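In what follows, a structure is listed as structure tokens, so that the remarks can point back to it.
What follows is calculated from the coordinates using simple rules that are stated; it is not laboratory data. Model, not experiment: these values are computed from the prediction. All Cβ positions, even for glycine, are placed from backbone atoms using ideal geometry, and neighbour counts span all protein chains on display.
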Amino acid sequence: MADTHEVQFSRGLEGVIAAETKIGFVDGVEGRLVYRGFDIGTLVEQSNFEEVSYLLLYGNLPNKKQYSDYVSKLKRYQVLQKDELDLITKIAHEAHPMSALRTVVSYIGAKDSRTVEPDSEVQEELGVEIIAKIPTIVSAINRAHEGEKPLGPDNDLSYSSNFFYGSLGRKPSTIEAKMLDAALILHADHGMNASTFSGMLTISTLSDMYSTITAAIATLKGPLHGGANERALALIQKVGTPDNAEKVIGGMIERKEKIMGFGHRVYKVYDPRARILKQFAEQVTKAHGKENLFAAANKIEEVMISKLGSKGIFPNVDFYSGLMYYSIGFNPEIFTPIFAVSRASGWVARSLEYVRDNRLFRPKALYIGEKGPRKYVPINERD
Ligand code: SDX
């Protein structure tokens, strides 16, 4: 007798609505992304990452006092302790930056006695602390990965510019600061993507925010999710010039290989974030003498859309983001951690929203094995 609540089986929960939310809306048909009712294009043009982080968590853009209090809190919490910096120095040289990030966030949580309190106000405070610390952790990992000592944070810089300074050892130009801040806005939230779902599932057991974000980071690392940006750049570099695109991409499609930075479970049209990032990539590659890479990327896009556009396969957020970060000077291994710096706000906001009207996630599996009961055969009598 089927359980009365049973719904039809869907691999990967494709098409299944698992929660209600007021935080963000991904319109896969019209190619729109909305945070709390604001189009991302409006936020990129007129807001900044601190405002957007506040908007995702609290539902409205902050007034002057709320903004000042939130920014002060982020600056207060962004500083790392000596033992945390020592751990980064110890592991960052060997470990992939995403593994290092996952480890350091987990370590900081392991020391915090507040992680045993399921109260959502306590977990909200922990969430804001994590939002504040992640850029400092990632920039310290980036520098340790390259054998450099951590830098900053510099309290005179914005959230994104501090991350730029801490990672690259120099302050950003105006356009570089704008691009990185915009990229953080664009990556901040995106519906029930795998890493957000992973975090929500974790907190639905009334686990703590550090465990929630550790789970989300671990999930984002995968090449089908956050890890695609690093591989998309490698593909663009491999193609190198527009003339090679048809041959390289055509061959990959024939071999049924997935082209990194294309396709999406929800967008069956051009990812609106990719449109904005493409403009930045064109600007910054030109400014840094890498026009050839942009031309190659643009041709890859043309070839992909001509061959797979009819299947709803278009550039996603990961196709141009890596090219932009690389042209600014970021090491490709740090691209996915940059994604985590931004998405931490979405992870915290969605986890808090869910746990405040909680229902433990516990889907079912369709059993297709032998129903039995099978007869037990002692090992000596088995073939
Ligand atoms: C992110 O969920 C989110 O919102 C994620 C994200 C966020 O902000 O959190 O937007 C960030 O993860 C973006 C996606 C980054 N990943 C990649 O770029 C990796 C490459 N993309 C694919 O792996 C794929 O497009 C997915 C995983 C992103 C989505 O794929 P689906 O919905 O699971 O679709 P599928 O794998 O079932 O493919 C359907 C068809 C298949 O062809 P057929 O077997 O039907 O002939 O489309 C083909 C696939 O082969 N296809 C691709 C392709 N993506 C799908 N073919 C070539 N290259 C691709 N990239």
Sites matching GluC sites (Glu not before Pro) across the stretch 137-181 that sit in DSSP coil, with at most 15 neighbouring C-beta atoms within 10 Å
Glu146, Glu148
Need the C-alpha centroid separation for the stretch 336-373 versus the stretch 235-301, integer Å.
31 Å
State which stretch of the chain is the longest one without any exposed chymotrypsin sites (Phe, Trp or Tyr not before Pro), exposure meaning a DSSP loop state and at most 14 other Cβ atoms within 10 Å.
10-366
Restricting to lysines and to Cα separations under 28 Å from Lys375, and discarding same-chain partners fewer than 8 apart, the set is Lys364
With no solvent and one point per C-alpha, what does the Debye sum give as log10 I(q)/I(0) for the chain at q = 0.06, 0.08 Å⁻¹?
-0.25, -0.43
For Thr205, Thr115, what's the fewest-to-most ordering of other Cβ within 10 Å of each Cβ?
Thr205, Thr115
In deg cm²/dmol, rounded to the nearest 500, the helical mean residue ellipticity at 222 nm of the chain, built from -39500 (n - 2.57) for every DSSP H run of length 4 or more, is -18000 deg cm²/dmol
Between the stretch 94-129 and the stretch 145-185, how many Å separate their Cα centres?
22 Å
Percent relative contact order for the chain, counting Cα pairs under 8 Å at least six residues apart, stands at 22 percent
Please find, in a Gaussian network model of the chain (springs between Cα atoms separated by less than 10 Å), the residue of Ser72, Ser342, Ser321 whose mean-square fluctuation is greatest.
Ser72
Listed residues Gly37, Gly372, Gly24, most fluctuating in the chain (Gaussian network, C-alpha, under 10 Å)
Gly372
Sort the stretch 228-328 into rounded, prolate or oblate with this rule: let a ≥ b ≥ c be the square roots of the eigenvalues of the Cα gyration tensor; rounded if a/c is under 1.5, and if a/c is not under 1.5, prolate when a/b is larger than b/c, oblate otherwise.
oblate
Highest mean packing first, using Cβ neighbours within 10 angstrom, the peptides 237-248, 124-135, 86-97 sort as 124-135, 86-97, 237-248
Gaussian network model of the chain, Cα springs within a sub-10 Å range: biggest mean-square fluctuation belongs to which of Glu302, Glu254, Glu282?
Glu254
